[in-house]
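First up is the structure itself, then whatever we jot down about it.
The values are calculated or read from the model by the stated rules, or taken from the named source; none is laboratory data. Because the structure is a prediction, the values reported are computed rather than measured. Note: ideal-geometry Cβ built from the backbone for every residue, glycine included; neighbour counts use all protein chains shown. Just so you know, the surface numbers come from the protein's heavy atoms only, side chains and all, with ligands and any DNA or RNA stripped out. Shrake-Rupley method; radii C 1.70, N 1.55, O 1.52, S 1.80 Å.
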Amino acid sequence: MKLAVSVIFYNPSENNIKHALSLANYFDNVYIFDNSNKAQNNLVSGNRIRYIPYFHNKGIAQALEDALQMSIVDNNDFLLTLDQDSTYPFKQHLAIIERLRKLDLNKDAIFALTTNHDYELVKDHSEKLVTDAITSGNFINLKLIKEYDIHFPSELFIDYVDFEFDRRVLEKGFNIIQSYEYYINHQIGSPLKKNILGIKFDCMNHSPIRYYYRFRNAYYLKHKHPDYYKKLAFKTLKIDRIKMSLFEDDKKEKRKMIKLGISDAKVGKLGEFRK
């Protein structure tokens, strides 16, 4: 079994770089795609590692699609997709490989590791079939992806990229298996922790441009595939907007970008945001 892993950088820390390089001890191919404006001086290709600096932020979706195609060309069996702030469970690596060997390669398209947060919430550390899984921690069955010509939606740039890829996988009749036995340490942005009358919740606290992408893509996909995105889009378009308005700073600019994102979605203006 030949395994590849991709990591997407955007102004990575030294620890991010160190972790990405260490993956070469466990995977046959390590693809590092860098969306930073300048290359990392201490990173070069070699010893199973391919470092691809874009010198511009091309977005998560384009980097994932490039990783997918590169891993297929290099004849890998599975591609693991990781964010730069996700830590792979090296101690579980051999057990994960054994589990991958038991997958139905004609039916199981994605084997998804859970996040540390979800792992702590689930008492029965087993598996279940799901309709969506976040990108970081996914082992993608390249045989099926190649045979059925499934692609990441590069037009979305960032946000809902993983769910749209999942939808395309399910549309072909394949399985997404969520594992609660193996997990990655994963951090999503810098959320604000709130506790109101004993009710604990997070506010996403995204930048204005990130809110633009979230609301543009959520609105666009909700109207393109209403049944699949009804629940997911509701959370973004309603709940996240309320929490942002009540608890986050820079509300005026965020509301402006949300409005612009929805406006662009209505006319199908996708890709990278340009003023």
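Okay, here's what the table says:
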quantity: Hits in the stretch 54-69 - residues which are among the hydrophobic types (A, V, I, L, M, F, W, C) and either crowded, with 19+ Cβ neighbours inside 10 Å or in contact with a Leu (Cβ under 6 Å, 6 or more places away or on another chain) (or both); calculated: Ile60, Ala61, Ala63, Leu64, Ala67, Leu68
quantity: Matching residues, the stretch 1-53, being over 18 Å from the mean Cα position of the chain (by Cα), among the aromatic types (Phe, Trp, Tyr) and open to solvent by 40 Å² or more (accessible area, probe 1.4 Å); calculated: Tyr26
quantity: One residue from Gly271, Gly261 being under 22 Å from Ala61 (Cα atoms), open to solvent by less than 40 Å² (accessible area, probe 1.4 Å), assigned to a loop (DSSP other than H, G, I, E, B) and not hydrophobic (A, V, I, L, M, F, W, C); calculated: Gly271
quantity: Hits in the stretch 154-208 - residues which are in a helix (DSSP H, G or I) and free of Cβ contacts under 8 Å to residues at least 24 places away in the same chain; calculated: Arg168, Glu171
quantity: Exclusive hit being closer than 30 Å to Gly268 by Cβ, charged (D, E, K, R) and surrounded by fewer than 22 Cβ atoms within 10 Å (Cβ to Cβ), set Lys102, Lys146; calculated: Lys146
quantity: Pair list, Cβ under 7 Å, 6 or more apart: the stretch 215-230 residue at positive phi, other residue open to solvent by less than 70 Å² (accessible area, probe 1.4 Å) and assigned to a helix (DSSP H, G or I); calculated: none
quantity: Pick from the stretch 173-184, criterion open to solvent by 30 Å² or more (accessible area, probe 1.4 Å) and over 17 Å from Leu105 (Cβ atoms), ranking: farthest from the chain's Cα centre (by Cα); calculated: Glu181
quantity: Considering residues of the stretch 52-111 that are of a type in the set (Asp, Glu) and part of a helix (DSSP H, G or I) only, the residue farthest from Ser22 (Cα to Cα); calculated: Glu65
quantity: Selection within the stretch 221-249 - open to solvent by less than 50 Å² (accessible area, probe 1.4 Å) and either over 19 Å from Ser263 (Cα atoms) or modelled with pLDDT of 90 or more (or both); calculated: Leu221, His225, Tyr229, Leu232, Lys243, Met244, Ser245, Glu248
quantity: Lone unmet requirement of (1) open to solvent by 80 Å² or more (accessible area, probe 1.4 Å); (2) under 18 Å from the mean Cα position of the chain (by Cα); (3) more than 30 Å from Lys259 (Cβ to Cβ) for Gln187; calculated: (3)
quantity: Residue among Asn16, Asn29, Asn11 that is in contact (Cβ under 8 Å) with a residue 40 or more places away in the chain, of a type outside the set (Ser, Thr, Tyr) and under 10 Å from Gln84 (Cβ atoms); calculated: Asn16
quantity: Residues within the stretch 115-134 that are at pLDDT 90 or above, within 16 Å of the chain's Cα centre (by Cα) and not aliphatic (A, V, I, L, M), tallied; calculated: 2
quantity: Residue, farthest from Asp108 (Cα to Cα), within the stretch 154-172, restricted to residues that are among the charged types (D, E, K, R) and open to solvent by 20 Å² or more (accessible area, probe 1.4 Å); calculated: Glu155
